[in-house]
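Q: First the structure, which I've put down as structure tokens, then a few questions once you've had a look.
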Amino acid sequence: MSKTPDSDFFLQQMQDVKPIKVEEKVTLASPQLDKINAETRRKAATAELAKDKNFLSGEYVEPVEPLAVIEFKRDGVQTGVYRNLRLGKYQIDARLDLHHMTVDQARNAVFQFIRDCMGHDIRCALITHGKGEGRGQTAQLKSCVAHWLPQFPEVLAFHSAQKPHGWVGATYVLLRKSEKKKLENWEMHNKR
């Protein structure tokens, strides 16, 4: 390959030029930003996992009339215990208000609420769902609550509340004793 006058001229012009020294570096994400991203990903994964564990069926729900009383009692629940629940004689240790929630939000809220109640040894809870009066549809959230609660093995019984607690717009829920509470109860009654 022969040198052209242009290439000679270029080499002559460039003879005093020194290459710029560039330090090789990689820009890393800031640790704070990385921590936030990891936290966001963790929360999303946890929410997805929790959603998968929610076994409450959202399929066909038998409609309940706005002023209807909803009730349920598992076999083995004593009549007197159920009567006391129905009459609102048990202390309400936890409350959940479903007003202004969509059905999917309510489904997740009820699922988490029952799990939290069991984790904190709560025996009697109140879920306020409203009556659903004055709407085109029947009592949608009330119908869903009546459909979902029997799906929990921890729910022994439920009944529409007394007037001071929300009447047919709320429901008392009786939950199974935790193993810890069963043991405490046994010890208390078997001391001699």
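Q: Using only Cα atoms, locate the centre of region 173-192 and the centre of region 103-120, then give the distance between them in Å, rounded to an integer.
A: Between the Cα centres of region 173-192 and region 103-120 lies a distance of 24 Å.
Q: Can you tell me the dipole magnitude for region 92-192 around its Cα centre, using point charges on the Cβ only (Lys, Arg +1; Asp, Glu -1), in Debye to the nearest 20? Let's see the in-between values first.
A: Details: 15 positive and 10 negative charges, 58 e Å.
For region 92-192, the charge dipole is close to 280 debye.
Q: How big is region 64-184 by the Kirkwood estimate over distinct Cα pairs, in Å? Don't jump to the answer; show the numbers that get you there.
A: Numbers: mean 1/r = 0.0694 Å⁻¹.
With all distinct Cα pairs of region 64-184 included, I get 14.4 Å.
Q: Which value, in nm² and rounded to one decimal, describes the direction-averaged projected area of the C-alpha convex hull of region 96-163?
A: Working: hull surface 19.4 nm².
That works out to 4.9 nm², a quarter of the Cα hull's surface.
Q: How much of the accessible area of region 60-192, in percent, comes from carbon and sulfur atoms when a 1.4 Å probe is used? Intermediate results must be reported in sequence, preceding the final value.
A: Working: 3910 of 7720 Å².
Carbon with sulfur: 51 percent of the solvent-accessible area.
Q: Of the listed peptides 72-84, 156-168, 11-23, what is their order by residue-averaged count of other C-beta atoms within 10 Å, with the highest listed first?
A: On the way: 72-84: 12.4, 156-168: 18.1, 11-23: 6.6.
By packing density, highest mean first, the sequence is 156-168, 72-84, 11-23.
The values are calculated or read from the model by the stated rules, or taken from the named source; none is laboratory data. These numbers were taken from a predicted model, which means no experiment stands behind them. Quick reminder, even Gly has a Cβ in these numbers, built from the backbone with ideal geometry, and neighbours come from all protein chains shown. The area values use the complete protein model at the heavy-atom level, side chains included, leaving out ligands, DNA and RNA. Shrake-Rupley method; radii C 1.70, N 1.55, O 1.52, S 1.80 Å.
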